[in-house]
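The values are calculated or read from the model by the stated rules, or taken from the named source; none is laboratory data. The structure displayed is predicted, hence computed values, not measured ones. Here the Cβ is made from the backbone with ideal geometry for all residues, glycine too, and neighbour counts use every protein chain on show.
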Amino acid sequence: MSDCIFCKIVAGQIPSSKVYEDEDILAFNDINPARPVHVLVIPKKHVTSLASVTAEEAPVLGKILAKANEIAVAQGSPDGFRVIINTGRVGQQEVQHLHAHIVGGPDPVGPMLKRI
């Protein structure tokens, strides 16, 4: 998609701080990190969100999850991490290109959700 910021990063039109790349996925540091380790992992092929995934995208989603530990450890979170995929309006997805946040660091991440 020509107006997708993540597609522009994949194409090299916008610089990023890459931490991992292969033929299917790209991982780079979040420009506004919420934790000491905060990496975004995206499929190179545009997929709008987890809500629009088909069986065709299953291998790349599996690769994102399979590489998560390797990326987290390499970036400084060897004792664990969290993987977050925000989806749609309710999930507060800000960029309409599927992406997984890998967050961690030396201290525990904290509670998953605020109790209401």
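Key figures for this structure:
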{"quantity": "K8, sole failed condition from (1) in a loop (DSSP other than H, G, I, E, B); (2) among the charged types (D, E, K, R); (3) under 19 Å from V95 (Cα atoms)", "calculated": "(1)"}
{"quantity": "Subset of region 29-52 [assigned to a strand (DSSP E or B) and farther than 16 Å from N69 by Cα]", "calculated": "P43"}
{"quantity": "Among the candidates L65, L50, L61, residue that is farther than 21 Å from C7 by Cβ and not β-branched (V, I, T)", "calculated": "L65"}
{"quantity": "Any hit, region 13-26, residues being out of contact with any helix residue (DSSP H, G or I) (no Cβ under 8 Å at 6 or more places or on another chain), surrounded by 11 or more Cβ atoms within 10 Å (Cβ to Cβ) and not in a loop (DSSP other than H, G, I, E, B)", "calculated": "yes"}
{"quantity": "Residue count for region 77-116, restricted to those that are within 18 Å of E21 (Cα to Cα), part of a loop (DSSP other than H, G, I, E, B) and either touching a helix residue (DSSP H, G or I) at 6+ places or on another chain (Cβ under 6 Å) or without any contact (Cβ under 8 Å) to a residue 60 or more places away in the chain (or both)", "calculated": "2"}
{"quantity": "Answer residue from region 41-75, given it is of a type outside the set (A, V, I, L, M) and more than 21 Å from S17 (Cα to Cα) and is surrounded by the fewest Cβ atoms within 10 Å (Cβ to Cβ) among those", "calculated": "T54"}
{"quantity": "Qualifying positions in region 83-104 - of a type outside the set (V, I, T) and either modelled with pLDDT under 95 or surrounded by fewer than 18 Cβ atoms within 10 Å (Cβ to Cβ) (or both)", "calculated": "N86, G88, R89, G91, Q92, E94, Q96"}
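A quick yes/no check of all residues on (1) over 12 Å from V103 (Cα atoms); (2) polar (S, T, N, Q); (3) out of contact with any Gly (no Cβ under 7 Å at 6 or more places or on another chain):
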{"residue": "C7", "(1), (2), (3)": "yes, no, yes"}
{"residue": "L26", "(1), (2), (3)": "yes, no, yes"}
{"residue": "R35", "(1), (2), (3)": "no, no, no"}
{"residue": "L40", "(1), (2), (3)": "no, no, yes"}
{"residue": "V60", "(1), (2), (3)": "yes, no, yes"}
